[in-house]
Amino acid sequence: MHGPLRTWVLWTAGFLAFPIAGLAGRAVAGPVDDPMSALVGGVVTGAVIGAGQALASSGRLSLPRWSAVTAVGGGLGLLLGAAVAGYRTDLGSLALMGAAEGVLLGVAQACALPRTARTPWLWAAVMPALWAAGWTVTTLAGVGVDARFTVFGATGALTFSALSGVLLHRLLPATAPGRTTGPDSLREVDA
């Protein structure tokens with residue numbers, strides 16, 4: 001498997017970071033039922049997701065930078081999203097929470113995309129819909145979302161990762177294998 005398919009499969013496999021991140025966020029902050037648990041749980045969850053995504057990016061994203069902005073965007077985003085949703089866990093509230101979180105997270109991550117990214121603000125524009133979709137799929141799959149997790153479950157994460165992987169492929173230009181692209185990207189691969 002080579003080129004775009006390999007890159008997409010690796011990124012999609014990064015969905016495994018989401019359940020790990022959710023466990024870490026919950027272990028540190030408990031259930032998301034107040035502003036502090038949302039902020040702290042979102043920061044921890046975001047840091048783990050960001051690290052997992054950077055590792056799954058085939059060298060396209062800087063591990064420290066992507067992890068840091070995902071932690072900040074995830075913490076502030078979950079704080080905003082949970083407040084907007086009133087800490088409710090019905091399908092509509094979680095989709096709204098995901099969309100609100102996706103706004104702040106998407107802007108933060110768009111700022112951390114490599115300078116070589118085509119239309120990085122497209123990433124920010126799509127994240128609200130993808131985060132809402134993650135919560136929607138998780139809820140419809142029957143996951144016990146009333147436990148007030150910091151992030152959607154594995155089914156939502158798989159959906160999110162598969163769709164965002166297509167977008168990431170469109171935004172980051174193809175380069176020769178092993179070609180260095182500068183400080184914003186570790187290495188670009190054939191895409």
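The values are calculated or read from the model by the stated rules, or taken from the named source; none is laboratory data. Because the structure is predicted, anything quoted here is derived from the model rather than measured. Heads up, the Cβs are rebuilt from the backbone with ideal geometry, glycines too, and the neighbour counts pull from every protein chain shown. Each accessible area value is taken on the protein alone, full model and side chains, heavy atoms only, with ligands, DNA and RNA left out. Shrake-Rupley method; radii C 1.70, N 1.55, O 1.52, S 1.80 Å.
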The size of the Cβ-based charge dipole (Lys, Arg +1; Asp, Glu -1) of the range 1-91 about the Cα centre, to the nearest 20 debye, is 360 debye
Principal axis dimensions, the range 1-101 - Cα atoms, whole angstrom, descending = 45, 27, 19
In cubic angstrom, how much convex hull volume per residue do the alpha carbon atoms of the range 24-67 span?
-> 56 Å³
Kirkwood Rh, angstrom, the range 59-109 [1 / mean 1/r, Cα pairs] = 11.1 Å
Environment charge of Ala51, counting only residues whose C-beta is closer than 15 Å and scoring Lys/Arg +1, Asp/Glu -1 | +2
Rh (Kirkwood; distinct C-alpha pairs) - the range 89-148, Å = 12.0 Å
Averaged per residue, what accessible area in Å² does the chain show with a 1.4 Å probe, protein chains only?
-> 42 Å²
By average C-beta atoms within 10 angstrom, highest first, the peptides 118-124, 11-17 | 11-17, 118-124
Over the chain, with a single point scatterer placed on each C-alpha, what log10 of the ratio I(q)/I(0) does the Debye formula yield at q = 0.14, 0.15, 0.18 1/Å?
-> -0.68, -0.78, -1.09
